[in-house]
Amino acid sequence: MKKLLFLIPALLLLGCGNDPEVEPDEVGPLKIEIEGKAYHFFPEAVEAGVDENNISVFVHYATKKTDPAFPVGYGIGWSFSDGHFTEAVMSYIKDGENYGTYDFNPAETFSIKNYRFDPDTRKLSFDYEGKLHGKSHELKTNLGSITIKGSIDLDNIPQKSLQSDKSYATFHAGNFSFYGCKRIMGSTSEATSHHLFSNDGYRLMFIFDRPFPQYGATLPLTYEFDAQSTGNRISFFQFTGTPYSSDVKIVIKPEDWKEYPCSGSFTIEKITEDRIKGTFSMDIQDGDKVIHKTEDGEFLFRSKSTSM
């Protein structure tokens, strides 16, 4: 099978401006510890936005300039979807280096705790700690990492259009749950595939055998599938390869993923010109054993991604 190449979503940089100059241990309400050194920030260093259930936060600053033409600074950002951490990124202007969480399993080396968001007051708070890994165009490993930790506590995050892809799929199966919103798409002349990644190393793949509007106006539509089905089906995978953080493209390498046979059905309940929404249930097997029986599965896809 050929490798699939897709553009990855960049964390939205909510704006540019004059980066506030700060130094370690300067008094400020927000603290970020980078490689053991504490930095404190003022509110003007932070930009954030909320769009439906998607949230993006970005902290940008420059340290005291030693070269007026080449400031030394960092930019650090986090993104969330429906309360689920999706990625963190960091740019280090001095060396032109970019760091980020792993493409397929960001929670492996980066943790978010005490996440709270009030949609009425748009107050956001969370604690974070972990490693951001050097990003590579060539998918090289061992490019080095930077450890950061700290906390964010913001009030009245502005409503902004984040230009984000609001596609998602979710299900529960006993003590196991899946939430995927980081999406890549593949297509042929007849079918489209939609891959959704959880933050802990799992992937759901939905295959539709025609463009969304061609499914017709008579709804709901239910399709049954099993492991041998080719179109209109769902597949489940677990990442087993060597983690990496890529800069421009995500590469799905089949040898890095273990596929679990699935059988069940999905129902298309709503179709618009650019969206398809529905529910699903299925059994996920490992060999001859059913390891997960999904409950309350639901999905929503846009026909085109605005962030990938």
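The values are calculated or read from the model by the stated rules, or taken from the named source; none is laboratory data. All values reported here derive from a predicted model rather than from experimental measurement. Don't worry about glycine lacking a Cβ; one is built from the backbone with ideal geometry, like all the others, and counts go over all protein chains shown.
Remarks
- You will find that of Ala107, Ala88, the residue that is touching a residue at least 12 places away in the same chain (Cβ under 8 Å) and not in a strand (DSSP E or B) is Ala107 and no other.
- Filter result for Thr230 (modelled with pLDDT under 95, more than 25 Å from the chain's Cα centre (by Cα) and among the hydroxyl-bearing types (Ser, Thr, Tyr)): yes
- Residue satisfying condition, being modelled with pLDDT under 90, closer than 24 Å to Asp247 by Cβ and not assigned by TED's automatic domain parsing to the domain that holds Gly201, within set Phe70, Phe80, Phe85, Phe104: Phe70
- Conditions (1) under 17 Å from the mean Cα position of the chain (by Cα); (2) in contact (Cβ under 8 Å) with a residue 60 or more places away in the chain: number failed by Tyr202: (2)
- The residues on offer are Ser263, Ser229, Ser235, and the sole one that is surrounded by 15 or more Cβ atoms within 10 Å (Cβ to Cβ), out of contact with any Ser or Thr (no Cβ under 7 Å at 6 or more places or on another chain) and either without any contact (Cβ under 8 Å) to a residue 12 or more places away in the chain or not assigned by TED's automatic domain parsing to the domain that holds Asn199 (or both) is Ser229.
- Single condition Gly287 does not satisfy, out of (1) small (Gly, Ala, Ser); (2) touching an Asp or Glu at 6+ places or on another chain (Cβ under 9 Å); (3) at pLDDT below 95; (4) over 22 Å from Met185 (Cβ atoms): (2)
- Hits in segment 205-226 - residues which are assigned to a loop (DSSP other than H, G, I, E, B) and within 27 Å of the chain's Cα centre (by Cα): Asp209, Arg210, Pro211
- If the condition is being on the phi < 0 side of the Ramachandran plot and surrounded by fewer than 12 Cβ atoms within 10 Å (Cβ to Cβ), then segment 268-291 contributes Lys270, Thr272, Glu273, Asp274, Asp288, Lys289.
- Filter result for the condition that a residue is among the aliphatic types (A, V, I, L, M) and either at pLDDT 85 or above or not in a strand (DSSP E or B) (or both), over Ile268, Ile184, Ile250: Ile268
Conditions (1) loosely packed, with under 14 Cβ neighbours inside 10 Å; (2) modelled with pLDDT of 75 or more, marked per residue:
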| position | (1), (2) |
| --- | --- |
| Phe6 | no, no |
| Cys16 | yes, no |
| Pro24 | yes, no |
| Leu30 | no, no |
| Glu33 | no, yes |
| Ala48 | no, yes |
| Lys64 | yes, no |
| Tyr74 | no, no |
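- The one condition in (1) in contact with a strand residue (DSSP E or B) (Cβ under 6 Å, 6 or more places away or on another chain); (2) within 27 Å of Ser81 (Cα to Cα); (3) at pLDDT 90 or above; (4) acidic (Asp, Glu) that Asp200 fails to fulfil: (1)
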